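Asker: Take a look at the following structure, please.
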Amino acid sequence: MKNHITLGEYIIENQKDFQYSSGELSNLLSSIKLASKVVNHEVNKAGLVDILGDAGNENIQGEDQQKLDVYANDVFMQTLVNRQMVCGVASEEEDDFVIIGGKNQTHDNKYVVLMDPLDGSSNIDVNVSVGTIFSIYRRISPIGTPVVKEDFLQPGNMQVAAGYVVYGTSTMLVYTTGHGVHGFTLNPAIGTFYLSHPNMKSPKDGKIYSINEGYYSHFPQGVKDYLKYCQEEEEGRPYSARYIGSLVSDFHRNLIKGGIYIYPTSSKAPQGKLRLLYECNPMAFLAEQAGGWASDGYKRILEIKPSELHQRVPLFIGSKNMVGKAEEFMAQYPDDAKY
Ligand code: P6P
């Protein structure tokens, strides 16, 4: 595409923004770019080859692993290992974190990656868009030693980069290194990502709310009160309900148009459903970098100190004023802050 910078060129051009990076973070982001192209190729032909349906086993979440889940996990894992950039990886599809010793098992790589390799996988068989979510930290344990759990249990405000790939009507990679949010669209004809959405900004307000209202009767009262507010005939309301069932897709639409996505606690999901480390934290980093907000209804997502690799938290994320209004309703029920 004429005069559009490619993702590779953009990463190199902005390498100076990466604190203490001597090119490793650039190389790491490029490996994620490569893996996303490989996964995109399979997602786009999923209906044509026997890669749909259940892989026949469950992941630690007790969810049936779809073949594309497993495939995407393997592709990202392999690419990260090959590029010798990371000392460890945690994934929704792996029970525990994976130690990556690197060349001659010297454990001298600086970064850890946490990822949901294929979010929204329940949509795979019905041709609805899915996504990959990734989060990158510098290790805190000594270089030259095997990575340890504490390297993965850092609060979200310590992320050095985060992003997602949305495999939709077009495939986009959206990421931040703490210097704004930038979106790149894949030109499938030549397999190159081009900068299509520089410096993405979340509208402060919006008219879209995304939540699975099927669980309404199980929601905390603050969520029920907020939904009633969204549905009232007043001041530019009622809002529109839009829920794809794929966090990456709902988040991406709301980032562009304005809106709020909520996955609260419920009797079905007492801690909420979304995982703090590789879903909520990366999306919260992106939301804040775009001028939006993300909380658990009470406290900022990026300040939650993780305790477990696969821990879940409630998520209220999107346009800053919409999340703020939802938090006003939640604040009337302080007991619900504990989950
Ligand atoms: P429910 C997909 O499994 C996911 O993690 C998110 O991408 C999505 O928003 C949510 O769960 C859908 O969950 O309970 O509404 O089907």
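Asker: Considering region 203-241 alone, what residues qualify as being within 16 Å of the ligand (Cβ to nearest atom), among the aromatic types (Phe, Trp, Tyr) and either touching a residue at least 60 places away in the same chain (Cβ under 8 Å) or surrounded by 13 or more Cβ atoms within 10 Å (Cβ to Cβ) (or both)?
Answerer: Let us first name the residues in region 203-241 that are within 16 Å of the ligand (Cβ to nearest atom), namely 208-220, 223, 227, 241.
From what's left, among the aromatic types (Phe, Trp, Tyr): 209, 215-216, 219.
Within region 203-241, TYR209, TYR215, PHE219 meet the criteria.
Asker: Counting just the residues of region 103-131 that are out of contact with any helix residue (DSSP H, G or I) (no Cβ under 7 Å at 6 or more places or on another chain) and under 21 Å from VAL39 (Cα atoms), which one comes out nearest to the ligand (Cβ to nearest atom)? Quick ask: steps written out before the conclusion?
Answerer: Keep residues of region 103-131 that are out of contact with any helix residue (DSSP H, G or I) (no Cβ under 7 Å at 6 or more places or on another chain), which gives 103-109, 122-123, 125-128.
This time we only want the ones that are under 21 Å from VAL39 (Cα atoms), so: 122-123, 125-128.
Values: SER122: 5, ASN123: 8, ASP125: 13, VAL126: 13, ASN127: 16, VAL128: 11 Å.
Looking at the filtered set, the residue picked out is SER122.
Asker: Given (1) within 16 Å of the ligand (Cβ to nearest atom); (2) within 22 Å of PHE316 (Cβ to Cβ); (3) among the aromatic types (Phe, Trp, Tyr), identify the lone condition not met by TYR167.
Answerer: So TYR167 meets the others, but not (2).
Asker: Answer yes or no: is there a residue in region 132-142 that is touching a Gly at 6+ places or on another chain (Cβ under 9 Å), within 16 Å of the ligand (Cβ to nearest atom) and at positive phi.
Answerer: no
Asker: Output yes when any residue across region 223-246 is in contact with a helix residue (DSSP H, G or I) (Cβ under 6 Å, 6 or more places away or on another chain) and among the hydrophobic types (A, V, I, L, M, F, W, C), and no when none is.
Answerer: Within region 223-246, one or more residues are in contact with a helix residue (DSSP H, G or I) (Cβ under 6 Å, 6 or more places away or on another chain) and among the hydrophobic types (A, V, I, L, M, F, W, C).
Asker: So is GLY163 in contact (Cβ under 8 Å) with a residue 24 or more places away in the chain and assigned to a loop (DSSP other than H, G, I, E, B) or not? Don't jump to the end; show me each part of the working.
Answerer: Values: in contact (Cβ under 8 Å) with a residue 24 or more places away in the chain: yes; assigned to a loop (DSSP other than H, G, I, E, B): no.
No, not satisfied.
Asker: Among the residues of region 242-262 satisfying the criterion of being buried (at least 19 other Cβ atoms within 10 Å of the Cβ) and under 16 Å from GLY214 (Cα atoms), which is farthest from the ligand (Cβ to nearest atom)?
Answerer: So the residue we want is ILE262.
Asker: Being touching a helix residue (DSSP H, G or I) at 6+ places or on another chain (Cβ under 6 Å) and within 16 Å of the ligand (Cβ to nearest atom): is that true of ILE100 here?
Answerer: Values: touching a helix residue (DSSP H, G or I) at 6+ places or on another chain (Cβ under 6 Å): yes; within 16 Å of the ligand (Cβ to nearest atom): no.
Taking the combined requirement at face value, the residue does not satisfy it.
Asker: The conditions are (1) within 15 Å of the ligand (Cβ to nearest atom); (2) part of a loop (DSSP other than H, G, I, E, B); (3) in contact (Cβ under 8 Å) with a residue 60 or more places away in the chain, and MET200 fails exactly one of them. Which is it?
Answerer: Of everything listed in (1) within 15 Å of the ligand (Cβ to nearest atom); (2) part of a loop (DSSP other than H, G, I, E, B); (3) in contact (Cβ under 8 Å) with a residue 60 or more places away in the chain, MET200 misses just condition (1).
Asker: Let me ask something else. Considering every residue within region 124-131, establish whether at least one is touching a His at 6+ places or on another chain (Cβ under 9 Å), within 16 Å of PRO282 (Cβ to Cβ) and outside the structural domain of SER307 (by TED's automatic domain parsing). Walk me through how you get there before you give the answer.
Answerer: Within region 124-131, the first condition is being touching a His at 6+ places or on another chain (Cβ under 9 Å), and the residues that meet it are 129, 131.
Narrowing further to those that are within 16 Å of PRO282 (Cβ to Cβ): 131.
Filter again for outside the structural domain of SER307 (by TED's automatic domain parsing), leaving 131.
Yes, region 124-131 contains a residue that is touching a His at 6+ places or on another chain (Cβ under 9 Å), within 16 Å of PRO282 (Cβ to Cβ) and outside the structural domain of SER307 (by TED's automatic domain parsing).
Per-residue answers, yes or no, for (1) surrounded by 15 or more Cβ atoms within 10 Å (Cβ to Cβ); (2) assigned by TED's automatic domain parsing to the domain that holds TYR261; (3) β-branched (Val, Ile, Thr); (4) more than 26 Å from VAL89 (Cβ to Cβ):
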{"site": "SER295", "(1), (2), (3), (4)": "yes, yes, no, yes"}
{"site": "ILE304", "(1), (2), (3), (4)": "yes, yes, yes, no"}
{"site": "ARG312", "(1), (2), (3), (4)": "yes, yes, no, no"}
{"site": "LYS320", "(1), (2), (3), (4)": "yes, yes, no, yes"}
{"site": "LYS325", "(1), (2), (3), (4)": "yes, yes, no, yes"}
{"site": "GLU328", "(1), (2), (3), (4)": "no, yes, no, yes"}
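Asker: Is there a residue being at pLDDT below 80, over 19 Å from CYS280 (Cα atoms), of a type in the set (D, E, K, R) and over 17 Å from the mean Cα position of the chain (by Cα) anywhere in region 75-91?
Answerer: No: region 75-91 contains no residue that is at pLDDT below 80, over 19 Å from CYS280 (Cα atoms), of a type in the set (D, E, K, R) and over 17 Å from the mean Cα position of the chain (by Cα).
The values are calculated or read from the model by the stated rules, or taken from the named source; none is laboratory data. Source: prediction; values computed, not measured. Glycine gets a Cβ as well: all are built from the backbone with ideal geometry, and neighbour counts include every protein chain shown.
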